[in-house]
Structure formats: C-alpha cells, structure tokens
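Working notes, structure below.
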Amino acid sequence: MKKTPLHQVHKTLNAKFTEFGGWEMPLQYSGIVKEHLTVRSTVGLFDLSHMGEFEIHGPGANELAQKLSTNDVGRLTDGRVLYTLFCNDTGGIVDDLLIYRHADNHYMLVVNAANIEKDLAWIETHNDTDAEVEDVSEDTALIALQGPKAIDMLNPFVPELDVSEISFFRFVVDEVAGIRTVISRTGYTGETGFELYIDANGAENLWHALYPAVIEAGGQPIGLGARDTLRLEAGLRLYGVDMNDDTNPYEAGLGRFVKSKNRQFIGKNALLAAKKRGIEKQIIGFQMLDRAVARAGYTVYQHGEQVGEVTSGAPSPSLKCNIGFALITSQTISEDDKIEIEIRGRRHPAKIVTVPFI
Amino acid sequence: MIPQNLKYNESHEWARQEGDIATIGISDYAQSEIQDIVYVELPEIGTELTQKTEFGVIESVKAAFDLYAPVSGEVIEVNESLLDAPEQVNESPYDDGWFLKIRITDPSELDTLLDADSYQAHIEAEHA
C-alpha cells in the first residue's frame, strides 16, 4: 500500500489506519464522532496527500482542459478553481475533480486518489494538443484545515496576506510558515476552510507548524472516517461510491456542472441525448425514520416496489439521525416521500430529504 | 481490566453465569475498538440462540458488527434500554450495556469459552 509523507506522524499520533484507494490512510485518531463534531465547532487538520495532482503546461493547456471537462474551463481566470467532471463517450463519469488555473497555459488538476492512473491514461489518450501533462502526485502533499476557526488559525502563518480575503473557490500561492503553498479556499466538509498544497518534502514541517495552533484552537487531526460523514452531511458525492463510469452527471445530481453551450467536450453528445431523454435514475438524499443504519448496497423500496440501492449511508453525528444517498429509478420524487430500506431482511422506514442534509 | 468472573468468546462477547441463567454482553476491548455505538439490534424474548452463531448486530458510525452467542439458550430478557441509549455499551460494557439474559441449554458449553487470562492473551495476540 502507498503511504503519504505524513505516515510516520499519524503513527506517532496513534491513528487507526484503513486502506483507501490503494493508500494506507488514517481512519481516525480519537474517534469519528468526536473528530466530526470538532470540525463543525472549531477546526480540523487533515492529511489528504493521497489525492492526485497533475500539472498541465504549454500553449495547448486550455484546449486540453476544455476538451476533457464537462464544466466550462473558459470561465476560469487566474487564481480561480473549478469543480468539474470528466465524462466518457457514453456520458458516464470518469472522475470528478478540481481544476486550478495558474495561467492560461498552466493548470493544476486535483483528482481522486483511486483514479490517478486511470485519469492520467484518460488525459494522455485524448491529448492531441501541444500541452504537456505531468503527474506530480508523488511530489505533492495536501494538508487541509476545515472548520469555523480555520481562518483565524491560519492567518498568523501567512504574514503577507489576510486569508479571509481569499474567496470560496479561489487560491493564492504564498508562504505558509515559510513553506511555498498553494492556499486554496476549498474543502469537502461543508465548512469554511483551506486546502494547502505543498511539496511533499515540506509536509512534515507544515504539519508540525500548524498542529500546535490547531490544538490551541480546540481542534485536532481528522481521519478519513470523519471526512466521510462530514462530506455526506454536506451532500457531497464520493466518486466510486455515489457515482462511477456508468453514472451520468444528471443521474448523480451534478447536471449543473455540465455546460454545453458554445463548446465541445468528450461526452457532450451523449449528455445532450441523456438530458433530452430525461432522468432514468437519480441520486436522492434520505433520512431513516427509525434508529437502523442503512449502508451502501442495501435495497430501496417505494410503494412496495424495488427502486434502487443505497450508495452511501451512515449515522450523522451532527443531526443525530441516520442519513444517506440512494440511486433510485423513481421518476417523480419530492421531499418527505416515504421509502423503505431493507436492512438484514427487514424493511425500515425512511423519507426523501433535500441535500445538503445540514 | 478484564473481569475474572466472566467467560469470553474469541469474537469478544462475554457470558456471566448465575445458576442456569447467563447474561451476555461485549467486552471493554470490543467496545473501545468499535467506538461510537449508535444502534443495537437484538433478538426477541423466546428466541433460541446457538453457541458461536449470530444473534444480533451492533452498528458504529463506520460499520456494522455481528454478535455471536457465547453459549446456547433461550432468550428470557432483553436490555430494552439499549434501543434508546446504545451508548451504554461504550460507557458500561460489563454492567448497564448488557444485551440479553438467556436460559442456558447446556452448561458444559461454558467450559469451551476463554477465561479472563486466556482472553487477555487472545486480545494481545490480535492486537500485535
């Protein structure tokens, strides 16, 4: 299994580890519920160095990014971040990712850890431009600070800048604790926060610089267990779980990230046809009406008929009830519609709710 | 500390024998590994349990865990308070967090379980 540059740090902190996308990652430090509530109330420190980063350089960079992306990369200016999807020729989602525009001829792509090889092959196969694509995942570490105290906590480490002035989905390149950092106002928790991209060699130094201030602010390190419940409450899909190569963006509830007007991209024709056809299945949010926990793979029923299955499900530490996403074939759904989820042979009541859950 | 007066499954359930009745729960080690227990699913009174087979489920935030009967018998009492307060299993695994009382079918089955010292060794081996 692959290890991040901070692996030894997590061991010293007595983390419990888990396998995720081929990486050995911290699952939890003090406990998922405690970590989750810490991010909601103060600040959490995450090692996300498993995420993949690609650099695209050269005069064809914009053209290549546009060709691959369902969202319009042309809307980016320098210092802006775009959430987008890569789709295949049939409209299925290859990956969801962030595109950072450093300059018109220089972009950084941030992709899911489990998809690094797949995405790199996808990009290289479709690169008929002069752009050069470089996988810098191994050389790049990613540390996130997420939570209501993230701004105040980070500011003293960036003397040249007030980080509160970095708007959502924008980034600057500056020194944090003397280390050159891409400071990105993004995250996967539903909280205010930053994702800090640095050279892998600087990962331990940055972590050790930030850690005492995180503790001082009432925060703590956060593992992938709480990252999963945080993103679920925030209504954020997870690739490989809530969507895959067979799910199109409309089914995944991500249709707003498909911009077809006056531009060409891979999958466009299939997506236009899919939009015209209408939705055959869709991701919905649900809340259990008893204390049973619905997990991924469990069967969903509506009006006695089997309509789909749970893609993500967990107890919500903030809401103190059990929530999840399901992919269902029902055509017309609305909030509060009753569904049932089969758990160990018994059907338990749930209702459809709008996401985000919090 | 692992209570000396209990018998243990390798799957971390304990049994406390009082005459022909056994009380069943999970160990402190098990609850600390599972953490944040949010749901407990237990059989109804009258259900016949078979030693080493599943009788219920506990759920943490992260996952579901099957429970295995340390000893065979008929369920005569269920800790209903766990339905509304499953966190008692984390807070008090040997007392308030018990699951079931059963009428033991075959007392000799208890001899096949681990005693406290063997269970301690079993945990250390599993954790190593």
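The values are calculated or read from the model by the stated rules, or taken from the named source; none is laboratory data. Predicted, not measured: the structure shown is a model, and the values here were computed from it. Reconstructed Cβ throughout: ideal geometry from the backbone, glycine too, with neighbour counts over all protein chains shown.
Residue pairs whose Cβ atoms lie under 7 Å apart, separated by 6 or more positions or on different chains, with the first residue in segment B:58-87 and closer than 22 Å to A:Gly313 by Cβ and among the β-branched types (Val, Ile, Thr) and the second assigned to a loop (DSSP other than H, G, I, E, B) and at pLDDT 95 or above, are B:Val61/A:Pro317.
Scanning segment A:1-23 for residues that are over 18 Å from A:Glu195 (Cα atoms), assigned to a loop (DSSP other than H, G, I, E, B) and more than 14 Å from every other protein chain (Cβ to nearest Cβ) turns up A:Met1, A:Lys3, A:Leu13, A:Gly21, A:Gly22. Considering segment A:191-280, the qualifying helices (runs of 4 or more DSSP H), each wholly inside and each with 2 or more residues that are within 14 Å of chain B (Cβ to nearest Cβ) and more than 27 Å from A:Phe86 (Cβ to Cβ), run over A:224-233.
Among the residues making up segment A:24-51, those that are more than 20 Å from A:Lys149 (Cβ to Cβ), crowded, with 20+ Cβ neighbours inside 10 Å and away from chain B (no Cβ under 11 Å) are A:Met25, A:Pro26, A:Ser49, A:His50, A:Met51.
Out of curiosity, is A:Leu196 under 22 Å from the mean Cα position of the chain (by Cα) and either outside the structural domain of A:Leu319 (by TED's automatic domain parsing) or crowded, with 16+ Cβ neighbours inside 10 Å (or both)? Here the answer is yes, as A:Leu196 does meet what is asked.
Those strands (runs of 3 or more DSSP E) of segment A:65-146 in which 1 or more residues are more than 26 Å from A:Thr192 (Cα to Cα) occupy A:81-87, A:93-103, A:106-111, A:132-135. Highlighted here are the helices (runs of 4 or more DSSP H) found entirely within segment B:23-128 that include at least 3 residues which are closer than 30 Å to A:Leu289 by Cβ and either of a type outside the set (D, E, K, R) or out of contact with any Cys (no Cβ under 6 Å at 6 or more places or on another chain) (or both): B:28-34, B:81-84, B:88-91. Quick check on segment A:312-320. Is at least one of its residues surrounded by 19 or more Cβ atoms within 10 Å (Cβ to Cβ), in contact with a Lys or Arg (Cβ under 6 Å, 6 or more places away or on another chain), closer than 15 Å to A:Ile283 by Cα and of a type in the set (Gly, Ala, Ser)? Yes; the residues of segment A:312-320 include at least one that is surrounded by 19 or more Cβ atoms within 10 Å (Cβ to Cβ), in contact with a Lys or Arg (Cβ under 6 Å, 6 or more places away or on another chain), closer than 15 Å to A:Ile283 by Cα and of a type in the set (Gly, Ala, Ser). Restricting A:Glu63, A:Glu53 to those that are of a type in the set (D, E, K, R), out of contact with any Phe, Trp or Tyr (no Cβ under 8 Å at 6 or more places or on another chain) and in contact (Cβ under 8 Å) with a residue 60 or more places away in the chain reduces the list to A:Glu63.
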